[in-house]
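Below is one structure, written out as structure tokens; comments come after it.
The values are calculated or read from the model by the stated rules, or taken from the named source; none is laboratory data. Nothing here was measured: the structure is a model prediction, and the numbers come from that model. Cβ sites come from the backbone with ideal geometry, for glycine too, and all protein chains shown count toward neighbours.
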Amino acid sequence: MSESNTPSADFKDSAQEQELSRLMSRAQEGDAEAYRALLVKLRGLAMRYVRRALGGRFRIAESQCEDVVQDILLGVHTKRHTHDPVRHFSPWFYAIARYKVIDEIRRLSAARQIDSLSDGVDPATDIPDPSEQIDVRSMLRALPEKQRRVLRMVKLEGLSVEETSGRTGYSQTDVRVSVHRAMKALRRQVEPVADEDR
């Protein structure tokens, strides 16, 4: 995370910081109205922070930004008792925001790795030819249930990845990866000496 994404020292002593600290102190004393006002202000700050942190590099949609913002606000809610009212509020708030953004970056990076793994995987690739004296049904039974289910739908029933995703509730990426892994497992059964990464 860049230092430009964190509040400056000047901000810590600004009128906005004083107001946020005041609202938080009142909220900790049980003032529900102050707490609602605080969350409204924090939502705007969180949205700007998330857009700066994720919008350029990851180009995430507005709905995804909103999800991260809600995670930040939930973090504020669950951790609100840990804020020391004698300390500045902004560093405490942005620490929570930073951790939530880092969690999202990790999630996005993992998803991109899965997408790159599934790139070039053609769900329309044929399963091994039964004419080669291979017991395909027995081979399919050896697969994990999830892989077997997805493979049957895509390969045997001719459903698209999108249709399979809709019927199973798995994401389209998950469907592609499951097909990819199932195909590798079938190939290993046909060619036991094949390399693991083939």
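Here are the numbers for this structure:
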| item | result |
| --- | --- |
| Within region 171-198, tally of residues that are surrounded by fewer than 17 Cβ atoms within 10 Å (Cβ to Cβ), of a type in the set (Val, Ile, Thr), touching a helix residue (DSSP H, G or I) at 6+ places or on another chain (Cβ under 9 Å) and modelled with pLDDT under 85 | 1 |
| Unique match (being modelled with pLDDT of 90 or more, in contact with a Leu (Cβ under 9 Å, 6 or more places away or on another chain) and not small (Gly, Ala, Ser)) among Phe58, Phe93 | Phe93 |
| Single condition Pro85 does not satisfy, out of (1) buried (at least 16 other Cβ atoms within 10 Å of the Cβ); (2) touching a residue at least 60 places away in the same chain (Cβ under 8 Å) | (1) |
| Matching residues in region 143-183 - criterion: being among the small types (Gly, Ala, Ser), assigned to a helix (DSSP H, G or I), free of Cβ contacts under 8 Å to residues at least 24 places away in the same chain and farther than 22 Å from Ser109 by Cα | Gly166 |
| Residue ranges of helices (runs of 4 or more DSSP H) in region 7-110 with at least 1 members under 30 Å from Thr173 (Cβ atoms) | 32-50, 62-79 |
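Matching residues to (1) touching a Ser or Thr at 6+ places or on another chain (Cβ under 8 Å); (2) buried (at least 18 other Cβ atoms within 10 Å of the Cβ); (3) touching a residue at least 24 places away in the same chain (Cβ under 8 Å):
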residue	(1), (2), (3)
Met24	no, yes, yes
Asp31	no, no, no
Met47	no, no, no
Phe58	no, no, yes
